[in-house]
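The structure appears below as structure tokens.
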Amino acid sequence: ENSIGANTFSPNGEFIYFVSFKVGGLSGTLYRVPTLGGTMTKILDGITSPVSFSPDGSEMVFARFLYETREHTLVISASDGSRERVLLTLDGSIKALANGGAWSPDGKTIAFGQINSENSLTNNRYSIIGFDLQSGETKELSREKWANCFRMDWTRDGAGLIFIGTRAGEGLSLQRDQVYYLSVASGESRRITNDGSRYDSFTMSTTDDNSVLAVLSNRLSQIYEVETGDLSNSGKRLTNGQTDGRGGIAALPDGRIGFISRIGENIGIWTMNADGTERKQIFDEFPFLEELRASPDGKYFIFSAPRNDNSHLFRIDSNGGNLKQI
């Protein structure tokens, strides 16, 4: 069985190029199909990213991973897959490609995300790099660091990049996987999205009028009560939030229920009665927390939260006070 990865329209709009991956495979096969439907054509094998086209549509750039040498390569070929040439090779033990690159509207630069593997234990591993096609040199397009950096595209005037990413330090926060704009002139970025959703890492592109197309990715969860042993009972819903209980639910001996929930961009610990009444937030001092548990005597809640790029266990009283790292 195969899955369909990222897809790209050809500049003239006549074709859709897409990557097909075998289940569990890291490298895929690039295909082309007419936009209005028709016969699928295989273009090339061994691709690990979506493609991006030169301004005239005659060439495309993509990433490839060489298993034998553990190297990551940035490759250009003709739009039919012929005449491949390697632009850049990265030693996978030190640096790696985060995506296949985006070809600038003036045809002079290919932008891509680079993973700095020597910083594997930190939350600032990614940089945004530009490859100059005339000189063959690379340079950072911004000094900003990122926890991740996914598919990107240029604005039509070439002044900046639109991409999906996560700022350094926000990898375990509710601000991860957002749409950003990076000014090439200043090297400074700003976040475009603020609706509290995450965005799918491969589904991002810009239109001719610089509108942004991105697919949001949300998981909704509420807390239900069901009678044990009754498989026909669909249960009674106790909460109406977007992420109630997904990060943990903990019952207290006095009948109350503790759970993790999110309001906007704030995540915290809440309590309520067993019937869903008297719901209240008791703790919200971390940008992200999970794995909520209660001590058997009901005095404490235990949970996991990030601090200094690592996850740690913390304890609070069941009323939300006396935070302690354990």
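The values are calculated or read from the model by the stated rules, or taken from the named source; none is laboratory data. What you are looking at is a predicted structure, and each value in this text was computed from that prediction instead of being measured. Glycine also receives a Cβ, built like all others from the backbone with ideal geometry; neighbour counts cover every protein chain displayed. For the accessible areas, the whole protein counts, side chains as well, though only heavy atoms, and no ligand, DNA or RNA atoms are used. Shrake-Rupley method; radii C 1.70, N 1.55, O 1.52, S 1.80 Å.
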Query raised in the report: Based on the Cβ-Cβ distance of Ser197 and Arg256, what FRET efficiency does E = 1/(1 + (r/R0)^6) give at R0 = 25 Å, to the nearest 0.05?
Result: 0.25
Requested in this report: Along each of the three principal axes of the Cα atoms of segment 145-285, give the extent in whole Å, ordering the values from largest to smallest.
Outcome: 61, 35, 20
Report task. Could you let me know the centre-to-centre spacing of segment 191-216 and segment 60-93, using Cα atoms, in angstrom? Result -> 27
Requested in this report: Indicate the gyration tensor shape class of segment 198-250 (rounded, prolate or oblate), computed on the Cα atoms with a ≥ b ≥ c the square roots of the eigenvalues: a/c under 1.5 is rounded; otherwise a/b larger than b/c is prolate and the rest oblate.
Outcome: prolate
Query raised in the report: Hey, which aspartates and glutamates would be in cross-link range of Lys42, C-alpha to C-alpha under 15 Å, not counting anything within fewer than 8 residues on its own chain?
Result: Asp80
Query raised in the report: Using the Cα gyration tensor of segment 67-216, with a ≥ b ≥ c the square roots of its eigenvalues, what is the shape: rounded (a/c below 1.5), prolate (a/b larger than b/c) or oblate (neither)?
Result: oblate
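At a 1.4 Å probe radius, carbon and sulfur cover how many percent of the accessible area of segment 28-175? Kindly include the intermediate steps, with their values, before the conclusion.
Details: 3060 of 6460 Å².
The value for segment 28-175 is 47 percent carbon and sulfur by accessible area.
Which entries of Lys22/Lys95; Lys145/Lys280; Lys22/Lys108; Lys22/Lys139 have Cα-Cα distances beyond 30 Å here? Could the numbers behind the result be given before it?
Numbers: Lys22/Lys95 25 Å; Lys145/Lys280 37 Å; Lys22/Lys108 34 Å; Lys22/Lys139 34 Å.
Among Lys22/Lys95; Lys145/Lys280; Lys22/Lys108; Lys22/Lys139, the Cα-Cα distance tops 30 Å for Lys145/Lys280; Lys22/Lys108; Lys22/Lys139.
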Query raised in the report: Karplus couplings for segment 191-200 from phi (6.51 cos²θ - 1.76 cosθ + 1.60, θ = phi - 60°), rounded to Hz, Gly and Pro as x?
Result: 7, 8, 8, 8, 8, x, 8, 9, 10, 4
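Percent of alpha carbon pairs in segment 209-303 separated by more than 22 Å?
36
Accessible area per residue, 1.4 Å probe, Å², for the chain: what's the number? Walk me through the numbers before you get to the answer.
Working: 16960 Å² over 326 residues.
Per-residue value: 52 Å².
For segment 63-111, what is the per residue volume of the convex hull drawn over the alpha-carbon atoms, in cubic angstrom? Please report the intermediate quantities before stating the final value.
Working: hull volume 4.2 nm³, N = 49.
It is 87 Å³ per residue.
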Requested in this report: Please report the relative contact order for the chain, taking Cα pairs under 8 Å with a sequence separation of at least 6, and give it as a percent rounded to a whole number.
Outcome: 7
Requested in this report: Between the alpha-carbon centers of segment 133-163 and segment 301-326, tell me the distance in whole angstrom.
Outcome: 38
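From the square roots a ≥ b ≥ c of the eigenvalues of the alpha-carbon gyration tensor of segment 19-145, which class results: rounded (a/c under 1.5), prolate (a/b over b/c), or oblate?
Working: a/c = 1.99, a/b = 1.35, b/c = 1.47.
Since a/c reaches 1.5 but b/c is at least a/b, the shape of segment 19-145 is classed as oblate.
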Requested in this report: Evaluate the relative contact order of segment 17-154 (contact order divided by residue number), counting alpha-carbon pairs under 8 angstrom at least 6 apart; express in whole percent.
Outcome: 15
Requested in this report: May I ask you to list the lysines whose Cα is less than 16 Å away from that of Lys299, ignoring any residue fewer than eight positions away on the same chain?
Outcome: Lys324
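Which value, in debye to the nearest 20, describes the size of the charge dipole of the chain about its Cα centre when Lys and Arg Cβ atoms bear +1, Asp and Glu Cβ atoms bear -1, and nothing else is charged? Mind showing how you got there, number by number?
Working: 33 positive and 40 negative charges, 89 e Å.
That gives a dipole near 420 debye.
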Requested in this report: Determine the gain in length on full extension of the stretch Thr41-Arg143; use 0.36 nm per residue of separation and subtract their C-alpha separation, reporting nm with one decimal.
Outcome: 32.6 nm
Query raised in the report: By how many nm would the segment from Ser135 to Thr89 lengthen if fully extended, with 0.36 nm per residue of separation less the alpha-carbon distance?
Result: 15.0 nm
Query - Relative contact order (%) - criterion: Cα under 8 Å, at least six apart; region: segment 43-91 - result: 29
